[in-house]
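The values are calculated or read from the model by the stated rules, or taken from the named source; none is laboratory data. Here the structure is a predicted model, which means the values were calculated and not measured. Neighbour counts are summed over all protein chains in view; Cβ atoms, including those assigned to glycine, are modelled from backbone coordinates with ideal geometry.
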Protein chains: 2
Amino acid sequence: METEIEKPYVIGLDMGGTNSVFGIVDQRGTIKSQTVISTRAYPDFDDYVKASVEALQPALDSIGGIENVRAIGIGAPNGNYYTGNIENAANLVWRGIVPCAQKFEEALGIPCRVTNDANAAAMGEMTYGVARGMKNFIMITLGTGVGSGIVCDGKIVYGSDGFAGELGHLVIDHSGNGRSCGCGRKGCLETYTSATGVARTAREMLANRSEDSLLRSLDPEKITSFDVFQAAEKGDKIALEIFNFTGRLLGTACADFATFNSPEAFVFFGGLTKAGDYIMNPIREAYEENCLSMYKGKAKLLISALNGSEAAVLGASALGWE
Amino acid sequence: METEIEKPYVIGLDMGGTNSVFGIVDQRGTIKSQTVISTRAYPDFDDYVKASVEALQPALDSIGGIENVRAIGIGAPNGNYYTGNIENAANLVWRGIVPCAQKFEEALGIPCRVTNDANAAAMGEMTYGVARGMKNFIMITLGTGVGSGIVCDGKIVYGSDGFAGELGHLVIDHSGNGRSCGCGRKGCLETYTSATGVARTAREMLANRSEDSLLRSLDPEKITSFDVFQAAEKGDKIALEIFNFTGRLLGTACADFATFNSPEAFVFFGGLTKAGDYIMNPIREAYEENCLSMYKGKAKLLISALNGSEAAVLGASALGWE
């Protein structure tokens, strides 16, 4: 008890392929300070840890030192909660198995918990965000890929190996003609409903249709989901249809996800949620149309209320309170 | 502590549409005695509870009375663990919401826990069966319908409303042309991989193909999955193909289920598992072919080792030890 009072902070680390963002966070979810280092500048993980500790020092000094920090939580691609390792992350400079938690514990002298980005986002939502007080919900991150963090009975589902919660790789088209996915298979949800999936849909629709569209003035290979959003804001019919198509696929998939843990809510996070109602309305419609009758009208379909740039750090930090 | 030693038994009740089977079970999973009453003979639930208590009396006397029973666990269609109610069960004589746990607690004076049949089966498998010691697995019951019980971190997933774990109603054909399901939607897994789904596949294949088959001597409307099994035993090509088709759909669905909780095992239970390798081989093949590469070679695909006629009672009884 005394220890808890003595240690009012946690560190959250959002480890991305390009940058690593550290935040010192209090129990209310206020980020007292942020520190950024380049992830890819350190091909040796030991150097990365050393650079992290050095970069954190001024921030630590300002809160009275590491003695006031309870733990560090890390959200990293392919971060494994059980082992504390980062395992074969395609987007990071370090190959194979990286003993991430162990190295940070040695360097900082405090406990370290690791998980992947989507699970960290779910932790953040449960600790500081719209899922506060919820015991059963599903977090869906809509970025370059589609990630998920599943919460059952108040706890993240890590599964037998620490790699549960990969709903972006649930196959929604089993015909064999689904879109090719980075995972080597076809028809995964993320090939349709990620930001890149939206751009892919845009290219397909523009190629297959003859209607006029603001998107036709762009180089098809360079269209982004943000371009589609901007066109939708101007009432562009094809752009609106792209979000409708995407949202309906996502809502239909959520209706399937409900059969797993009958969640109180689905919380969406990431760039695509900036499209607001353009994507949320078709998600909600398709969910209600497609879910089992006993689930109808029960689940909330929400957008994360955490500030986008802070959410990943907050999510990672939430692991530190466990 | 003393109480626990004093009460070495639990009662398990497998409540079916036709019959209700009670078993008095010890901690090793030995059923000391079984008692059966008709479920549908009592249109009033109070009468049913009264008849249950009367029928149980001799068995209770033989173990020294209700004082030696810790609790009663009930596996019932649409049984809700949180409320203890049976809610709108289509196959039972009682309509609407039945306060099942409350009535049994009042009548017997011991705690009562209620859940649905598939969750009870998962409890039984975890307590006495092939899933002993497992913390993350998925139970799949292949009967008239397809049920599921999902275990994460050693606990059944009940979800926000007590109705989680309905994987039989995950839609595997979103084309709009999937098979009609009793739930009112189309393309649910259970329309293909239940015993009735197998019979449906048999009728379709016999109608669409010209090859000879032992199954052609049967009235198509009366073909059962057991007929298909018997034909497969004799090397009938169409019968083997029916199991192959069914097993592959199930294995592919399990590859999708793995994205939820990355289970250590899938445990199959129910009439269809009598087909043994005819169905298990295609399940295993399709699972390994279709799962995400990080799940490959990890999950065991097992048949329940509990005696079919006892499994439901054992499963229900397992709730009594909680």
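Any residue that is surrounded by fewer than 21 Cβ atoms within 10 Å (Cβ to Cβ) and more than 18 Å from the chain's Cα centre (by Cα) - is there at least one of those in the stretch A:10-23? Walk me through it before giving the result.
Here is the first cut: in the stretch A:10-23, the ones surrounded by fewer than 21 Cβ atoms within 10 Å (Cβ to Cβ) are A:16-19.
Filter once more, keeping what is more than 18 Å from the chain's Cα centre (by Cα): none.
Within the stretch A:10-23, not a single residue is surrounded by fewer than 21 Cβ atoms within 10 Å (Cβ to Cβ) and more than 18 Å from the chain's Cα centre (by Cα).
Within the stretch A:196-216, is even one residue under 25 Å from B:C291 (Cβ atoms), under 19 Å from the mean Cα position of the chain (by Cα) and touching a residue at least 60 places away in the same chain (Cβ under 8 Å)?
Here is the first cut: in the stretch A:196-216, the ones under 25 Å from B:C291 (Cβ atoms) are A:196-197, A:200.
Narrowing the set further to residues that are under 19 Å from the mean Cα position of the chain (by Cα) leaves A:196-197.
Those left that are additionally touching a residue at least 60 places away in the same chain (Cβ under 8 Å): none.
No, that holds for no residue.
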Which residues, counting only those in the stretch B:25-80, are farther than 17 Å from B:V114 by Cα and either hydroxyl-bearing (S, T, Y) or not assigned by TED's automatic domain parsing to the domain that holds B:A120 (or both)?
B:T30, B:S33, B:T35, B:S38, B:Y42, B:S62
Working carefully through the options B:G129, B:G162, B:G143, B:G178, find the one that is among the small types (G, A, S), under 28 Å from B:D227 (Cα atoms) and under 17 Å from the mean Cα position of the chain (by Cα).
B:G143
Residues located in the stretch B:233-250, provided they are of a type in the set (D, E, K, R) and assigned to a helix (DSSP H, G or I)
B:E233, B:K237, B:E241, B:R248
State which residue is modelled with the lowest pLDDT when the search covers only the stretch A:281-316 and only residues that are more than 14 Å from the chain's Cα centre (by Cα) and among the small types (G, A, S).
A:S293
The stretch A:153-186: number of residues that are assigned to a loop (DSSP other than H, G, I, E, B), surrounded by 19 or more Cβ atoms within 10 Å (Cβ to Cβ) and either in contact with a Pro (Cβ under 8 Å, 6 or more places away or on another chain) or more than 9 Å from every other protein chain (Cβ to nearest Cβ) (or both)
3
Any idea how many residues of the stretch A:251-300 are in a loop (DSSP other than H, G, I, E, B) and out of contact with any Ser or Thr (no Cβ under 8 Å at 6 or more places or on another chain)?
4
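Specify the residue that is farthest from the other protein chains (Cβ to nearest Cβ); the eligible residues are those in the stretch A:125-152 that are of a type in the set (G, A, S) and crowded, with 24+ Cβ neighbours inside 10 Å. Lay out the reasoning, then the answer.
Residues of the stretch A:125-152 of a type in the set (G, A, S): A:129, A:131, A:133, A:143, A:145, A:147-149.
Checking which are crowded, with 24+ Cβ neighbours inside 10 Å leaves us with A:129, A:131, A:145, A:147-149.
Numbers: A:G129: 17, A:A131: 12, A:G145: 13, A:G147: 11, A:S148: 8, A:G149: 12 Å.
So the residue we want is A:G129.
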Which of the residues that make up the stretch B:296-320 are within 14 Å of chain A (Cβ to nearest Cβ), without any contact (Cβ under 8 Å) to a residue 40 or more places away in the chain and of a type in the set (G, A, S)?
B:G297
Check whether at least one residue in the stretch A:96-114 is within 14 Å of another protein chain (Cβ to nearest Cβ), outside any strand (DSSP E or B) and surrounded by 24 or more Cβ atoms within 10 Å (Cβ to Cβ), and report yes or no.
no
